[in-house]
Structure formats: structure tokens, C-alpha cells
Amino acid sequence: MEKKRILLIASFDGSLIRFRGDFIKSLVDYGFEVFTAAPSFAEKNSERIKELGATPVQFNLQRTGLNPIKDFKSIRELKSIIKENKIDLVFPYTVKPVIYGSMAANMCNVPVVSLITGLGYTFTGLSSKARLLQRFNETLYKLSIRKNKCIVFQNTDDHQLLLDRNVISKKAKSRFC
């Protein structure tokens, strides 16, 4: 039987080691083939991922700022990674990977389990720019995570905020950790 393939998507390669290293090792130990996608892998982090038994895959992502052309290219690149590596499940975390990874996986009909680690500045800022970004991100979240298999929240307040703003429905499969 062929191993199931899981893709973890991060916005920073160091977080894969620091915050998901044990998870990656557990997935490998359970018999999954694990791929980790992040922008600009440092050599030491790429080597550490390989030592855990996973495959590092680099993709382009503008971590801050909004450039629709670059963001669309990130989605297209993630879609290619999913297809080329025959991924069976996508596990994105942090804002842009959740949104763009979910969109890419949904285009490929690949299930997604998203981890909402925090909604970030755009949902807590009070400036007019922050409010505009809130509406924009709400729309992107609605479009991207509505088909996800499950959404895992680290913070119950984030879950409630997305419910209150009708970004997710009460029927959405949500979990807390």
C-alpha cells in the first residue's frame, strides 16, 4: 500500500522546526510521507526537516504586504506542489498559508485541515487601514476555508470572532487545541 502524503505549509521555515517538529516526526513515524512547504528555506532548516524524515519544498510567498499578483502566483505555485507530489492532505498554518494553501488544495480537490494560530494585526487593529484589511481577510477566509475538512483553532476567541462575522458557520467542523 502506498503511503499517504501530507503537506504542511508555513510562512516561515523556522516555525516548521520550532513549532511543528514533533508533529512532523510523529506523522513520519505513523507511516505518512511528509512534505513541508515554506519560502526561503535556510540550509540548516532544510537539513533538519530531512533529518525528521520529511521533504522540504520551497515556494514563493510575500510574508507581509498585499500584492495580488505575487499572492496569485503563490496560490498557483502551491497548486503545482500539491499536484506534482500527489498530496493527499494539506495542513496549512498562519494566515497566508491557511488562505492560499486552502485555495490551492480546494482547486485540486485535496482535503485541508487548517490551523488558525491567530488572526493577527488585521483583526485587532483599530486604524482605518486595519478595518479595510479585516474586511479583505474575512472575504479571503470565507472563500478559502469553507470547504476545509476541519479548522483547528488555538484560541477560542478567534473561533468566536469568525462565527460572529459569519466567516465560518456553526456547522463548520472546528476543533480547539
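The values are calculated or read from the model by the stated rules, or taken from the named source; none is laboratory data. Remember, it's a predicted structure, so these values are computed and weren't measured experimentally. Quick reminder, even Gly has a Cβ in these numbers, built from the backbone with ideal geometry, and neighbours come from all protein chains shown. With ligands, DNA and RNA removed, areas are computed over all heavy atoms of the protein, side chains included. Shrake-Rupley method; radii C 1.70, N 1.55, O 1.52, S 1.80 Å.
Could you say which residue among ASP71, ASP22 is within 27 Å of HIS159 (Cα to Cα) and at pLDDT below 95?
Checking each option against the conditions leaves just ASP71.
Hey, can you tell me all the residues within the range 50-69 that are more than 13 Å from ILE9 (Cα to Cα) and either aromatic (Phe, Trp, Tyr) or surrounded by 13 or more Cβ atoms within 10 Å (Cβ to Cβ) (or both)?
LEU52, GLY53, GLN62
Tell me, yes or no, whether the range 48-62 has at least one residue that is modelled with pLDDT under 95, small (Gly, Ala, Ser) and farther than 20 Å from LYS83 by Cβ.
no
Taking the residues in the range 18-46 that are acidic (Asp, Glu) and under 14 Å from LYS4 (Cα atoms) as candidates, determine which candidate is surrounded by the most Cβ atoms within 10 Å (Cβ to Cβ).
GLU33
Of (1) outside any loop (DSSP other than H, G, I, E, B); (2) free of Cβ contacts under 8 Å to residues at least 60 places away in the same chain; (3) closer than 27 Å to GLU2 by Cα, GLY53 satisfies all except one. Which?
In the conditions (1) outside any loop (DSSP other than H, G, I, E, B); (2) free of Cβ contacts under 8 Å to residues at least 60 places away in the same chain; (3) closer than 27 Å to GLU2 by Cα, GLY53 misses (1) alone.
Restrict the check to the range 82-95 and report whether at least one residue is free of Cβ contacts under 8 Å to residues at least 60 places away in the same chain and polar (S, T, N, Q).
No, every residue in the range 82-95 fails to be free of Cβ contacts under 8 Å to residues at least 60 places away in the same chain and polar (S, T, N, Q).
Filter the range 81-138 for residues that are under 21 Å from GLN160 (Cβ atoms), in a strand (DSSP E or B) and not hydroxyl-bearing (Ser, Thr, Tyr); which is most open to solvent (accessible area, probe 1.4 Å)?
VAL113
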